[in-house]
Amino acid sequence: MAAQRRKQREGVFRAIADPTRRDILALLRGGRHSVGEIAGNFRTSRPAISRHIRLLRSAGLVVTRQEGTARICELNAKPLRAVSDWLRDYEAFWDESLLSLKRYVEEDA
């Protein structure tokens, strides 16, 4: 079970590592779009955008369905919780570091 979650988390991190894929996710935050509509927002070729969407779909971040001749994409943000959970482990460190900095600055003042 833990290995499966780790594999899914790694897939999500791999998917969001690319700026074009992050831009696609941001676009889908505003609602569903066809692959053609998504591709129209980028200078990259449509086949390249399709490959990005395929990777996002394999990570579970995008759900696609056929509507007539168009393939419609929707955001599935649930897998991003893995990123949030991973970052939460570091929040305590950041909070402690900021507290230490605050104490240091106040001691010098």
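The values are calculated or read from the model by the stated rules, or taken from the named source; none is laboratory data. For clarity, every value in this text was computed on a predicted model and none was experimentally measured. Note that each Cβ is placed from the backbone with ideal geometry, even for glycine, and that neighbours are counted across all protein chains shown. Heavy atoms of the whole protein, side chains included, go into the accessibility calculation; ligands, DNA and RNA do not. Shrake-Rupley method; radii C 1.70, N 1.55, O 1.52, S 1.80 Å.
Each Lys or Arg adds one and each Asp or Glu takes one away; over the other residues whose Cβ falls under 12 Å from the Cβ of R81, this sums to +3. Charging the Cβ of each Asp and Glu at -1 and of each Lys and Arg at +1, and nothing else, the dipole of the stretch 21-109 about its Cα centre rounds to 960 debye. If R0 is taken as 25 Å, the Cβ-Cβ distance between R5 and E91 corresponds to a FRET efficiency of 0.80.
Only helices enter this figure: runs of n ≥ 4 DSSP H residues, each worth -39500 (n - 2.57), summed and divided by the residues of the chain, yield -21500 deg cm²/dmol at 222 nm to the nearest 500.
Quick check: the angle from helix 81-108's long axis to the longest principal axis of the chain, C-alpha only, nearest 10 degrees? In the chain, helix 81-108 runs at an angle near 30 degrees to the longest axis. Computed with a 1.4 Å probe over protein heavy atoms only, the accessible surface of the chain comes to 71 Å² per residue. Between the alpha-carbon centres of the stretch 29-47 and the stretch 60-109 there is a gap of 24 Å. For the stretch 11-20, 3J(HN,Hα) computed residue by residue from phi via the Karplus equation (6.51, -1.76, 1.60; θ = phi - 60°) reads x, 5, 4, 4, 5, 8, 5, 8, x, 5 Hz, glycine and proline entered as x.
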